[in-house]
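Just below is one structure, and these are the notes that go with it.
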Amino acid sequence: MKIGAIKETRPDENRVALSPTVCKQLIKNGFECIIESGAGLNSFFSDEAYVEAGATILSSASEVFSSADVLCKLNPPNEEEIEKLRAGTVLITFVYHMTNKALVERINARQVALFSMDAIPRISRAQTMDALSSQANLAGYKAVTIAANESGKIFPMLMTAAGTITPSKVLIFGAGVAGLQAIGTARRLGAVVEVTDIRPQTKEEVESLGGKFISFDTGDGVKIEGGYVKEAGEDVLTRQREILKKHLALADVVITTAQVPGRKAPVLVTEDMVKVMKMGSVIVDMAVEQGGNCELSEVGKVVVKHGVKIIGYSNLPSLLAPNASESYAKNVYAFVTHLASNEGFKWDMNDEITAGTLICRDGQILKP
Ligand code: NAD
């Protein structure tokens, strides 16, 4: 069975879905690997490294499209790529099917079996395949280092002959995968870190990383299911915004990662709240692609509003391409070897991972 990867066409994308190391592992398992020439260059994986791993380099994406049985990608295919999809191909990529109905319909019309990497269930058995987590983890790190770079202030306390410099105050919204990595990174750089999350069970994790948890009574306005926030009432968010205003006024850096899966991101920093922030402070809104946790953030842009720099980069993992590609490729390896052997796919719909991720097959959409 031939497993292929191409050069991603999204303009701000440096990652690639298969690394030379992972190709080597797949080949050991009896698969063949085919890679578009230059696909790994922005992740610093040369064609020679793929060849050394046993993969075959093809000169164009079209050649990979026409001979791959399984095509691995990071970004959903664009129109041109959809046209190139061969009937019967298995496509493995991020798709976000819940918010991309038209795209799923277009891919389905090509008679392709589509597995979505963002639909991998967050269960312990699937942890090695959890690409959302591997990428969010790196993004949480990058968000803090970008903020540290953009801020005019140093993070750690410094005692010098000229007096003491106080540490930066970092305020983090959301203590999920990205948020926890952001806490650890900001702490390692010496900042004082405060954190808000509406899942009370995150308090212990936040404190174990050296963060201070901002507690407030959410009453019965938050519904939690399987460890995730399912719903948060507007009254809870209003109370939370009120409490956070005084913390925002003291913060030098704010990293926002709050999300409710499958929904628009909750707005936790309104324009009025930005106005109370210190001049020169920095917000990195990681939820910008889901509508943003900050009312003023713009996708892919850095804007300065009321003296505050608001960063809305939507592809932070791409800025750490070698690590992000390697981690994603390892997720793909675990996923592919779970779903298939070199003899073919198992199509075991009683398996929670297969059933959770197979979006369409044989011209039928399986996930609404
Ligand atoms: P996650 O589900 O692991 O964590 C989200 C956290 O937000 C949860 O702990 C949840 O309880 C919390 N939350 C929900 N509502 C809240 C509220 N009102 N106040 C405070 N906390 C609240 O998600 P994740 O994997 O850490 O990703 C976080 C966000 O970062 C997502 O929006 C994701 O799409 C985004 N992300 C962005 C990039 C980028 O490049 N910009 C990269 C990776 C992830």
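The values are calculated or read from the model by the stated rules, or taken from the named source; none is laboratory data. This one's a predicted model, so the numbers in the text were calculated from it and none came from an experiment. Note that we place each Cβ from the backbone using ideal geometry, even for glycine, and neighbour counts take in every protein chain shown. When the accessible area is computed, the model is the full protein with side chains, heavy atoms only, and any ligands, DNA or RNA have been set aside. Shrake-Rupley method; radii C 1.70, N 1.55, O 1.52, S 1.80 Å.
Of the residues making up the stretch 78-137, those that are in contact with a Lys or Arg (Cβ under 9 Å, 6 or more places away or on another chain) and polar (S, T, N, Q) are Asn78, Thr89, Thr93, Asn108, Gln111, Ser116, Thr128, Ser133, Ser134, Gln135. Scanning the stretch 140-196 for residues that are closer than 18 Å to Lys278 by Cβ and of a type in the set (Lys, Arg) yields a count of 2. Are any residues in the stretch 69-89 open to solvent by 70 Å² or more (accessible area, probe 1.4 Å) and of a type in the set (Asp, Glu), and if so, which ones? Of everything in the stretch 69-89, those that are open to solvent by 70 Å² or more (accessible area, probe 1.4 Å) and of a type in the set (Asp, Glu) turn out to be Glu79, Glu80, Glu83. Sub-6 Å Cβ pairs linking a first residue in the stretch 130-141 that is within 17 Å of Val288 (Cβ to Cβ) to a second residue that is among the polar types (S, T, N, Q) and within 7 Å of the ligand (Cβ to nearest atom), at least 6 apart or interchain, number zero.
Yes or no, residue by residue, for (1) within 10 Å of the ligand (Cβ to nearest atom); (2) hydrophobic (A, V, I, L, M, F, W, C):
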position	(1), (2)
Pro121	no, no
Gly140	yes, no
Leu158	no, yes
Ser168	no, no
Ile172	yes, yes
Gly176	yes, no
Leu180	yes, yes
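Among the residues of the stretch 142-156, the one identified as near the ligand (Cβ under 9 Å from one of its atoms) and of a type outside the set (A, V, I, L, M) is Lys142.
Given the condition among the aliphatic types (A, V, I, L, M), surrounded by fewer than 17 Cβ atoms within 10 Å (Cβ to Cβ) and either more than 21 Å from Val104 (Cα to Cα) or under 19 Å from the mean Cα position of the chain (by Cα) (or both), answer yes or no: does some residue in the stretch 22-33 qualify? Checked against the condition, which is being among the aliphatic types (A, V, I, L, M), surrounded by fewer than 17 Cβ atoms within 10 Å (Cβ to Cβ) and either more than 21 Å from Val104 (Cα to Cα) or under 19 Å from the mean Cα position of the chain (by Cα) (or both), the stretch 22-33 yields at least one hit. Here Arg187 meets each of (1) open to solvent by 20 Å² or more (accessible area, probe 1.4 Å); (2) part of a loop (DSSP other than H, G, I, E, B); (3) away from the ligand (no atom under 13 Å from the Cβ) with one exception, condition (2).
Do we have Ile243 as of a type in the set (Val, Ile, Thr), open to solvent by 20 Å² or more (accessible area, probe 1.4 Å), out of contact with any Gly (no Cβ under 7 Å at 6 or more places or on another chain) and away from the ligand (no atom under 11 Å from the Cβ) here? First the steps, then the outcome.
Details: of a type in the set (Val, Ile, Thr): yes; open to solvent by 20 Å² or more (accessible area, probe 1.4 Å): yes; out of contact with any Gly (no Cβ under 7 Å at 6 or more places or on another chain): yes; away from the ligand (no atom under 11 Å from the Cβ): no.
Against the criterion (of a type in the set (Val, Ile, Thr), open to solvent by 20 Å² or more (accessible area, probe 1.4 Å), out of contact with any Gly (no Cβ under 7 Å at 6 or more places or on another chain) and away from the ligand (no atom under 11 Å from the Cβ)), Ile243 does not qualify.
Just one of the listed residues (Leu319, Leu339) is within 16 Å of the ligand (Cβ to nearest atom) and either of a type outside the set (Gly, Ala, Ser) or free of Cβ contacts under 8 Å to residues at least 40 places away in the same chain (or both), namely Leu319.
For residues in the stretch 205-225 being more than 21 Å from Glu194 (Cα to Cα) and free of Cβ contacts under 8 Å to residues at least 12 places away in the same chain, which is surrounded by the fewest Cβ atoms within 10 Å (Cβ to Cβ)? Within the stretch 205-225, the match that is surrounded by the fewest Cβ atoms within 10 Å (Cβ to Cβ) is Asp220.
With respect to the conditions (1) on the phi < 0 side of the Ramachandran plot; (2) surrounded by fewer than 23 Cβ atoms within 10 Å (Cβ to Cβ), Tyr96 lacks only one, and its number is (1).
When the helices (runs of 4 or more DSSP H) confined to the stretch 78-154 are screened for residues that are closer than 30 Å to Thr164 by Cα, those reaching at least 2 such residues are found at 131-150.
Only one entry of Glu194, Glu204 meets the criterion of being more than 10 Å from the ligand (Cβ to nearest atom), under 20 Å from Cys294 (Cα atoms) and acidic (Asp, Glu), and that entry is Glu194. Read through the list (1) part of a helix (DSSP H, G or I); (2) modelled with pLDDT under 95; (3) not acidic (Asp, Glu), then give the number of the only condition that Gly262 fails. Unmet for Gly262, out of (1) part of a helix (DSSP H, G or I); (2) modelled with pLDDT under 95; (3) not acidic (Asp, Glu): (1).
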